[in-house]
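The structure under discussion appears below in the form of structure tokens.
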Amino acid sequence: MARRRGFDRDEALESALRTFWQHGYEATSVATLTTAMGINPPSLYAAFGDKRRLFEESVQRYQETYGAFAARALTDEPTAREAVERVLRDAAHEYSRADHPHGCMIISAAVNCESAEVVELLRGFREATKAAIRQRIDDDVSAGRLPPGTDTDGLATFYAAIIQGMSTQARDGASLRELLAVADRAMAAWPVVTAT
């Protein structure tokens, strides 16, 4: 007969997520994780596998919860401009919230990381967001809402860089007001269709 797990797996995963988010993958030890999760190492390994698999599950949970705002905005808004503006404004709110670590886990958790697998995992998520931004911009070029010669790849890279910079600024203590000002300035660079 299997022994019942003596802890709430969902709560433990949330604690692991926040620990990785706060300290990054490399700086988070198994001892730090087990303390935060309120479990012992054998329970961690039995429930989640090793540290890297726990991190991968934490990242997936982050994408489905705290980080889901970008995908929602890029799907829901009718134009690329509205979608990108909403991503930036929602990022300002999410990255500066007081009830969880500041910034974006996908952007900050692999800084100074020696694990190529972890670096590639997070890069993949960032590249997917940039590709989604580029697709929305491409759609607006096709619809005539942006000039035909728009460098859609360059524009997507620019806004991805703004998002990453906002995350770093939030981790450094930037306020919501300051981050919203960054979003406003970034949107001032959006290309316009000129009358012919």
Report summary line: For the chain, dividing by residue count, accessible area per residue (probe 1.4 Å) in Å² works out to 53 Å²
Report summary line: Computed, not fitted: 222 nm per-residue ellipticity of the chain from DSSP H runs ≥ 4 (each -39500 (n - 2.57)), nearest 500, equal to -21500 deg cm²/dmol
Query raised in the report: Relative to a virtual label point 7 Å from the Cα of Val193 in the Cα→beta-carbon direction, which members of the range 64-95 show backbone nitrogen distances below 14 Å?
Result: 79-82
Query raised in the report: So how do 29-36, 9-16 stack up, highest first, on mean other-Cβ count within 10 Å?
Result: 9-16, 29-36
Report task. Describe numerically, in nm with one decimal, the distance between label points set 7 Å from Cα along Cα→Cβ at Asp184 and at Ala27. Result -> 3.2 nm
Report task. Evaluate E = 1/(1 + (r/R0)^6) for Glu114 and Glu57, where r is the Cβ-Cβ distance and R0 equals 22 Å; express this FRET efficiency to the nearest 0.05. Result -> 0.60
Requested in this report: Among Thr152, Ile137, Ala83, flag the residue with its Cα farthest along the positive direction of the charge dipole of the chain, charges on Cβ as +1 for Lys/Arg and -1 for Asp/Glu.
Outcome: Ala83
Query raised in the report: Where nothing but the Cβ of Lys and Arg (+1) and of Asp and Glu (-1) is charged, how large is the charge dipole of the chain around its Cα centre, in debye to the nearest 20?
Result: 380 debye
Query raised in the report: For a label point 7 angstrom out from the Cα of Thr35 toward its Cβ, which stretches of the range 89-108 have the backbone nitrogen within less than 12 Å?
Result: none
Query raised in the report: For the chain, what % of the accessible area comes from carbon and sulfur atoms, probe 1.4 Å?
Result: 49 percent
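How charged is the neighbourhood of Pro148? Take every other residue with its Cβ under 12 Å from the Cβ of Pro148, and add Lys/Arg as +1 and Asp/Glu as -1.
Once all neighbours under 12 Å are counted, the net charge is -2.
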Query - Computed log₁₀ I(q)/I(0) - Debye formula, equal Cα scatterers, no solvent, the chain, q 0.16, 0.18, 0.19 Å⁻¹ - result: -0.99, -1.16, -1.25
Report summary line: Taking the alpha-carbon centre of each part, the distance from the range 112-131 to the range 21-51 in Å is 21 Å
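The values are calculated or read from the model by the stated rules, or taken from the named source; none is laboratory data. Model, not experiment: these values are computed from the prediction. Because the Cβ atoms are built from the backbone with ideal geometry, glycine has one as well, and the counts that use them run over all protein chains shown. Note: accessible area is taken over every heavy atom of the protein model, side chains too, but ligands, DNA and RNA are not part of it. Shrake-Rupley method; radii C 1.70, N 1.55, O 1.52, S 1.80 Å.
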